[in-house]
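Working notes for the structure below.
Computed from the coordinates by the stated procedures, all read-outs in this text should not be read as laboratory data. Just so you know, these numbers come straight off a predicted model, no measurement behind them. Methodologically, a virtual Cβ is constructed for each residue, glycine included, from the backbone with ideal geometry; neighbour enumeration extends over all protein chains shown.
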């Protein structure tokens with residue numbers, strides 16, 4: 001499961017990203033990011049992200065929690081694109 005960030009076309013403004021829910025068959029707007037890892041196969045610094053709309057947040061969170069996967073729930077606003085890094089040639 002993975003959500004896809006789809007840019008929204010706007011006139012005269014910077015484009016906004018709309019993220020889709022990761023629940024199978026759901027394309028509603030995701031408001032939540034569930035960051036998780038499977039400790040049997042992922043190192044402590046590795047995180048996967050599932051996106052959730054409001055109605056599917058608990059379903060997806062409970063699915064991961066039932067498997068004892070470490071997880072964090074945060075707003076998709078925290079997924080904003082990072083500032084581009086500038087490289088310098090020295």
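Would you calculate the separation in nanometres between label points at residue 75 and residue 54, each defined as 7 Å from the Cα along the Cα-to-beta-carbon direction?
Here the answer is 1.4 nm between the modelled labels.
When N is the residue count of region 20-79, what does its C-alpha Rg come to as a fraction of 2.2 N^0.38 Å?
1.08
Among 21, 26, rank each residue by its count of other Cβ atoms within 10 Å, from fewest to most, as a rough exposure measure. Show your work: numbers first, answer last.
Numbers: 21 24, 26 19.
The most exposed by this proxy come first: 26, 21.
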